[in-house]
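Student: Below you'll find the structure I mean.
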Amino acid sequence: MRTETGQVFKLKDYRPTDFVVERIDLTFELDPTQTRVVSRISLQRRDGVAADAELVFDGDELSLEGLQLDGRDIDPALYTATPDTLTIRELPASVPFEITVTTVISPQTNTQLMGLYRTNGVYCTQCEAQGFRRITYFYDRPDVLAVYSVTIIARKSETRYLLSNGNLVSSGSLDEGRHCATWFDPHPKPSYLFALVGGDLGLIEDSFTTMSGREVALKIYVEHGKENRAGYAMDALKRSMKWDEEVYGLEYDLDIFQIVAVSDFNMGAMENKGLNVFNDKYVLADPETATDADYANIEAIIAHEYFHNWTGNRITCRDWFQLCLKEGLTVYRDHTFSADQRSAPVKRIAEIRLLKAHQFPEDAGPLAHPVRPETYREINNFYTATVYEKGSEVVRMIRTILGAEDFRKGMDLYFERHDGDAATIEDFLACFAEASGRDLRQFALWYSQAGTPSVSVSTDWNEAGHTFKVTLEQSLAATPGQPRKALMHIPLAYGLILPDGSEFAGQPSGNDAENGVFHLTRRKQSFTFTGVPERPVLSINRGFSAPVTIAMEQSAADLAHIARHDSDGVARWQALNEQATRYLVEASKLCRDGRNLPSAQKLAEILVATASDESLEPAFRAQALALPAESDIAREIGSNIDPDSIHAARNAVLSEVARFGADVFARLAGAAPEGAYSPSAEDAGKRALAGAALAYAAIADGGPGRAMAAFDAADNMTVLSQALQVLTQSFPAAAETADALTAFRTRFSGDPLALDKWYAIQAMMPGKTTWRRVEELLDSPDFDRSNPNRVRSLIGGFSAGNPTGFNVASGDGYRLLAREVIDIDKRNPQLAARLLTAMRSWRSLEAGRQEQARLALVSIREAANLSPDVSDIVDRMLD
Ligand code: 0A1
Ligand code: ZN
């Protein structure tokens, strides 16, 4: 077990390796506890490197079994091997040479799920970011690109399939019931993209003909008996391949593309070249066990990993500081793919919600870091919402600034110039600057400055002169390590909506606005529109063109005007959401002070009107009905947060809306798409609307009858879990709720993914005693602490998805999390560190809870043998 070393890695310290690797030939003899790995590496000293320079390879918990130079054992005096480095001295100065490294590793006892491990009897690897060094000593860094040949030897009985990257070269039988396979990947790649799988799995197959007419074999491997749940993933894969050809002209480049679904996985999925490994949650779906959201996630993640083939694999990162080069860009690509496959505004609304829920709090707290960090202690802790989601927003802004045509030119140049490279953000930006002739130097600050900029907006209507002036002013608060910030380039899409709902077409003065976008580059800027016939309403940051917060005094009537008339659907939702947020923030504060709440009638009217507006698509109406979550309200309040008053205020509003729209909700709750279940966006939207309406209708009923009836009648997981959530959220103490939970458990006891939902739904039940329920569930016989999905469902669901339950004033929620983090850290540091980030906003709580949270964090910091992962997070949180 690695423990904390306190080492800090810095972007400015980057330098290339002393030796260049050309080829690596790996042979694995698979065995649960004694897997032998022989690695033959062709190397050459880099030009200009001193003749006495040592070769230093990375390792992690390794022990060396053999070491040769050009086939002959190396004198032990000429090398030093520790569990985490192998240093070889006196190597040839000018001629190429070959090093052979032998290690023996134990996949069965590898509980970190990094390197080679076993999950449900299947051998599988996870090498990003630094897992390869747990397999063999190597230059485990992304700028070392080599051609890999991999031979796998294993017992036939337990490994029907032996897989690695690239194309299959040969396979055959060996003695003693063993067999072997050799794979060759012609595309040079970094070690983090290496993959190996050996297991007895089920398989579904298909094929795809690329735009140049090549046939690619498509294979998805799943646990036996689950083959019929992999069809949607296969369909999503083919649509992704087609989309990348049509939208970016990018074709797949091997004869085979394989996906393996495993049940123990730390993240969502991994883009290993030609052999993606997936958390089975993001592959397996059928109507009985998966929700519409699960289908949408599968589509997005299949696309994401496939798109990495070009943005990540063909062009990779020079170092881990550049992680957003592949992740931000690939998230941007999967977002636009999903928008094209589904309703674009609804997809965008979901993205905005997610960004605000996860990235904004990260950027506002102790874990804030730039999209491209400049230092890290543990790279695993930088697979964050900032790198991924804000990274994607930054790419989206480049497109907004350049326009579609120049953006595509920039992308083309990037592929043309950097194919086969390990590149940097500077390389990436240079392509867009060159393709468009624009200066992106100020824009580049989005990569280096952490924090969410704030833009205050004021307007001035001159009735007599028919002019309308918009003044924007930007600011950016200090973040850890960045006390002072430079001015950013913020592109803000806008519209001026006239009283009749039409849009004013004129341009403002000056040249800081272009194609409906204000370019805010100075601290304060004004834009004056002339010849405006009547007082317009300003719609700003349309479509969330920049990931900023907007501070503007805008009347409820103006927001309602935007909500009704904006030509941009996302902006209409933004206005509705703003109105709801304002009311809820105010109500929560009044609740905290023990005061009466004002009427929510106006809000109720607009929500009910939107819900029943048949001209709008159902998915949009469902989004409109979803009030800001308790965590959204807390974020807006910002400090001295009392989660109980937020909960009470939000419930009061829900009740008022429910009562006001009771008839509408009762009608909508009963509506369902016609025919058999289809995961199409259209049907999913109808179910989403019915589900949102059911929640309100049940509140208006004041009892669980309607939700229980929906639960009993449900013929798919979406409707079933919606009904169960209405029961657990609104009637936690009802006998019906207990019955429904028992029925759900009985029905899905043999289905881990469905059972995960049962754990998560209970973990999110509001109230002061939920922590006790969570403790009981931790002791359930099927609560498997080694399965990350199960752990995330229960502990993650509780700590990140249950504001009142987790933040119970006694501190029991924090203590529960602390105990579990310390325990999980012994086996799986990455998982433990990620769970702990649920406490990142602890300083914005009211004083009593803050103190309880601090004590829990201190108890973690003082625990023995903490991993670098957890100590990095806890130290930053307590700093
Ligand atoms: N590159 C993957 C994410 C990923 C990162 C680290 C992992 O290690 C456990 C696994 C996956 C992606 O963006 O999908
Ligand atoms: Zn990715």
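Student: I need the shape label for region 397-459. Rule: rounded when a/c is under 1.5, else prolate if a/b > b/c, else oblate, with a, b, c from the alpha carbon gyration tensor. Kindly include the intermediate steps, with their values, before the conclusion.
Tutor: Values: a/c = 2.99, a/b = 1.67, b/c = 1.79.
Oblate.
Student: Follow-up question, since we're still on this one. Can you give the extra length, in nm with one decimal, that the chain gains between ARG155 and GLU851 once fully stretched, where that is 0.36 nm per residue apart less the Cα-Cα distance?
Tutor: Full extension from ARG155 to GLU851 adds 245.0 nm.
Student: Around ARG40, what is the net charge, scoring Lys/Arg as +1 and Asp/Glu as -1 over all other residues with Cβ under 12 Å from its Cβ?
Tutor: Residues near ARG40 contribute -3 overall.
Student: Also, quick follow-up: Classify region 168-305 from the C-alpha gyration tensor, please: rounded if a/c falls under 1.5, else prolate or oblate depending on whether a/b exceeds b/c.
Tutor: Working: a/c = 1.69, a/b = 1.13, b/c = 1.49.
The shape class here is oblate.
Student: Using θ = phi - 60° and the Karplus relation 6.51 cos²θ - 1.76 cosθ + 1.60, list the HN-Hα couplings for region 53-64 in order, rounded to whole Hz, with x at every Gly or Pro.
Tutor: Once rounded to whole Hz, the list reads 5, 8, 8, 10, 9, 8, x, 8, 6, 9, 10, 8.
Student: Decide, for region 1-61, between rounded, prolate and oblate: order the square roots of the alpha carbon gyration tensor eigenvalues as a ≥ b ≥ c, take rounded if a/c falls under 1.5, and otherwise choose prolate if a/b is larger than b/c, else oblate.
Tutor: On the way: a/c = 2.94, a/b = 1.23, b/c = 2.40.
Oblate.
Student: List the aspartates and glutamates whose Cα sits under 14 Å from the Cα of LYS189, skipping any in the same chain fewer than 8 residues away.
Tutor: GLU22, ASP25, GLU128, ASP140, ASP143, ASP253, GLU271, ASP319, ASP419, ASP421
Student: Could you work out the local net charge near VAL387, counting Lys and Arg as +1, Asp and Glu as -1, over the other residues with Cβ closer than 12 Å to its Cβ? Show your work: numbers first, answer last.
Tutor: Values: positive: LYS326, ARG372, LYS390; negative: GLU327, GLU362, ASP363, GLU389, GLU393.
Net local charge, VAL387 excluded: -2.
Student: In addition: Quickly work out the ALA551-to-GLU205 label distance, labels modelled 7 Å from Cα along the C-beta direction, and quote it in nm with one decimal.
Tutor: 6.3 nm
Student: Separate question: Given the DSSP H assignment, sum -39500 (n - 2.57) over each helix run of at least 4 residues in the chain and divide by its residue total; what's the result at 222 nm in deg cm²/dmol, nearest 500? Walk me through the numbers before you get to the answer.
Tutor: Values: 29 runs with 338 residues, N = 879.
Value at 222 nm, helices only: -12000 deg cm²/dmol.
Student: Next question, about the same structure. Amide H neighbours of ILE315 under 5 Å, at least 5 residues apart or on other chains, H built in the peptide plane: list them.
Tutor: When sequence neighbours closer than 5 places are left aside, the close amide H contacts are GLY420.
Student: Mind giving me the nanometre distance, one decimal, between the label points for GLU227 and VAL247, set 7 Å out from Cα along Cα→Cβ?
Tutor: 3.2 nm
Student: Sticking with this one: Rounded to the nearest 20 Debye, what is the dipole magnitude of the chain about its Cα centre when Lys and Arg each give +1 and Asp and Glu each give -1 at the C-beta? Before the final figure, lay out each step's value.
Tutor: On the way: 91 positive and 122 negative charges, 336 e Å.
Charge dipole, the chain, about its Cα centre: 1620 debye, nearest 20.
Student: Give the calculated FRET efficiency between LEU616 and GLU405 to the nearest 0.05, with a Förster radius of 30 Å applied to their Cβ-Cβ distance.
Tutor: Values: r = 31 Å, r/R0 = 1.05.
Step by step, r from the Cβ atoms, then E = 0.45.
Student: Can you tally the net charge around ALA478? Count Lys and Arg as +1, Asp and Glu as -1, for every other residue whose Cβ sits under 13 Å from the Cβ of ALA478. Let's see the in-between values first.
Tutor: Values: positive: ARG484, LYS485; negative: ASP363.
Charge balance in the 13 Å sphere: +1.
Student: Okay, moving on. Using only the alpha-carbon atoms, how far is helix 569-592 inclined from the longest principal axis of the chain? Give it as 0 to 90 degrees, nearest 10.
Tutor: Roughly 80 degrees, rounded to the nearest 10.
Student: If you filter region 812-862 for GluC sites (Glu not before Pro), then keep DSSP loop positions with at most 13 other Cβ within 10 Å, what is left?
Tutor: Working: sites: GLU820, GLU846, GLU851, GLU862; in loops: GLU846, GLU862.
Listed in order of number, the matching sites are GLU862.
Student: Name the trypsin sites (Lys or Arg not before Pro) in region 1-83 that are in a loop by DSSP and that have at most 12 other C-beta atoms within 10 Å, would you? Numbers along the way, then the final one.
Tutor: Numbers: sites: ARG2, LYS10, LYS12, ARG23, ARG36, ARG40, ARG45, ARG46, ARG72; in loops: ARG2, ARG46.
Within region 1-83, the qualifying trypsin sites (Lys or Arg not before Pro) (loop, at most 12 other Cβ atoms within 10 Å) are ARG46.
Student: Here's something else I'd like to know. Of the DSSP beta bridges with both residues in the chain, give the percent that are antiparallel, rounding to the nearest 5. Provide the component values of the computation, followed by the final result.
Tutor: Working: 101 of 126 bridges.
Of all bridge pairs located within the chain, approximately 80 percent are antiparallel.
Student: Write down Rg/Rh for the chain, rounded to two decimals, with Rg from the C-alpha atoms and Rh from the Kirkwood relation over Cα pairs. List each step's numbers first, then the result.
Tutor: Details: Rg = 28.0 Å, Rh = 28.9 Å.
A ratio of 0.97.
Student: Something else: Which entries in the list LYS347/LYS485; LYS10/LYS390; LYS219/LYS826; LYS238/LYS281; LYS273/LYS409; LYS281/LYS326 go over 30 Å, if you measure between the two C-alpha atoms of each? Show your work: numbers first, answer last.
Tutor: On the way: LYS347/LYS485 32 Å; LYS10/LYS390 21 Å; LYS219/LYS826 36 Å; LYS238/LYS281 19 Å; LYS273/LYS409 26 Å; LYS281/LYS326 23 Å.
Correct reply: LYS347/LYS485; LYS219/LYS826.
Student: Now for a separate question. Once you keep just the Cα pairs under 8 angstrom separated by 6 or more residues, what percentage relative contact order results for the chain? List each step's numbers first, then the result.
Tutor: Details: 1734 pairs, mean separation 77.2, N = 879.
Here the relative contact order equals 9 percent.
Student: Which FRET efficiency value, to the nearest 0.05, is calculated for GLU775 and SER749 with the Förster distance at 22 angstrom and r the Cβ-Cβ distance? Display every interim value, and only then the final one.
Tutor: Working: r = 21 Å, r/R0 = 0.95.
Computed FRET efficiency for GLU775 and SER749 comes out at 0.60.
Student: Provide the gained length on full extension for the span HIS466 to LEU78, in nm with one decimal, where the gain is 0.36 nm per separating residue minus the Cα-Cα distance.
Tutor: Working: separation 388, 0.36 × 388 = 139.68 nm, distance 8.37 nm.
Between HIS466 and LEU78, full extension yields an extra 131.3 nm.
Student: Now for a different question. Against the longest principal axis of the chain, how steep is helix 323-341, in degrees 0 to 90 to the nearest 10, with axes from Cα atoms?
Tutor: Its long axis makes an angle of about 50 degrees.
Student: Right, something else. Given region 818-877, report the % of alpha carbon pairs whose separation exceeds 12 Å.
Tutor: Working: 1090 of 1770 pairs.
Cα-Cα pairs of region 818-877 separated by over 12 Å account for 62 percent.
Student: Measure off 7 Å from each Cα along the Cα-to-Cβ vector at GLU176 and ALA709, then give the distance between these two points in nanometres to one decimal.
Tutor: Modelled inter-label distance: 6.8 nm.
Student: So, one more: Pull up all non-local amide H partners of PHE19: gap of 5 or more, or a different chain, and H-to-H distance under 5 Å with H placed in the peptide plane.
Tutor: When sequence neighbours closer than 5 places are left aside, the close amide H contacts are ARG46.
Student: Return the loop-located GluC sites (Glu not before Pro) in region 453-543 (DSSP other than H, G, I, E, B) with at most 14 other Cβ atoms within 10 Å of their own Cβ; answer none if there are none.
Tutor: On the way: sites: GLU463, GLU473, GLU503, GLU514, GLU534; in loops: GLU463, GLU534.
Sites meeting the loop and neighbour criteria: GLU463, GLU534.
Student: To the nearest 20 debye, what is the magnitude of the charge dipole of region 428-531 about its Cα centre, counting +1 on the Cβ of each Lys and Arg and -1 on the Cβ of each Asp and Glu? Kindly include the intermediate steps, with their values, before the conclusion.
Tutor: Values: 8 positive and 9 negative charges, 122 e Å.
Using only the charged Cβ atoms, the result is roughly 580 debye.
Student: Mind checking which lysines have their Cα closer than 20 Å to the Cα of LYS589? Skip sequence neighbours fewer than 8 apart in that chain.
Tutor: Once the sequence-local lysines are set aside, what remains near LYS589 is LYS602.
Student: Just to confirm my numbers, what's the Cα centroid distance between region 113-180 and region 18-50 in Å?
Tutor: 14 Å
Student: Relative contact order (percent) for region 267-420, with alpha-carbon contacts under 8 angstrom and 6 or more residues of separation? Don't skip to the answer; put the middle values down first.
Tutor: Working: 140 pairs, mean separation 34.5, N = 154.
Computed over region 267-420, the figure is 22 percent.
Student: On to the next question. Would you kindly derive the ³J(HN,Hα) couplings of region 299-316 from the backbone phi angles with the Karplus curve 6.51 cos²θ - 1.76 cosθ + 1.60 (θ = phi - 60°), listing them in order in whole Hz, with x for Gly and Pro?
Tutor: For region 299-316, the Karplus-derived couplings read 4, 5, 7, 4, 4, 3, 5, 5, 5, 4, 3, 9, 9, x, 9, 4, 10, 10 Hz, x marking Gly and Pro.
Student: From the phi of every residue in region 812-825, what ³J(HN,Hα) in whole Hz does the Karplus formula 6.51 cos²θ - 1.76 cosθ + 1.60 yield, where θ is phi - 60° and glycine or proline is x?
Tutor: Using θ = phi - 60°, the values come out as 4, x, 5, 5, 4, 4, 4, 4, 5, 4, 4, 5, 5, 4 Hz.
Student: What whole-number distance in Å separates the alpha-carbon centres of region 817-858 and region 266-284?
Tutor: Computed from Cα coordinates, the inter-centre distance equals 28 Å.
Student: For region 387-520, take the convex hull of the Cα atoms, compute a quarter of its surface area, and give me that in nm², please.
Tutor: Numbers: hull surface 42.0 nm².
The number I arrive at for region 387-520 is 10.5 nm².
Student: So, one more: Defining a contact as two alpha carbons under 8 Å apart and six or more residues distant in sequence, what relative contact order in percent does region 204-312 show?
Tutor: Values: 171 pairs, mean separation 29.5, N = 109.
Relative contact order here is 27 percent.
Student: Another one. Once the Cβ-Cβ distance between ALA344 and ASP13 is put in as r, and R0 is 56 Å, what FRET efficiency do you end up with, to the nearest 0.05?
Tutor: Working: r = 43 Å, r/R0 = 0.76.
The computed FRET efficiency comes out at 0.85.
Student: Please enumerate, by chain and number, the aspartates and glutamates with C-alpha under 13 Å from the C-alpha of LYS524, excluding those fewer than 8 residues away in the same chain.
Tutor: By straight Cα distance, LYS524 reaches GLU473, ASP512.
Coordinate-derived values only; no laboratory data. Note that the structure is predicted; figures quoted are calculated from it, not measured. Don't worry about glycine lacking a Cβ; one is built from the backbone with ideal geometry, like all the others, and counts go over all protein chains shown.
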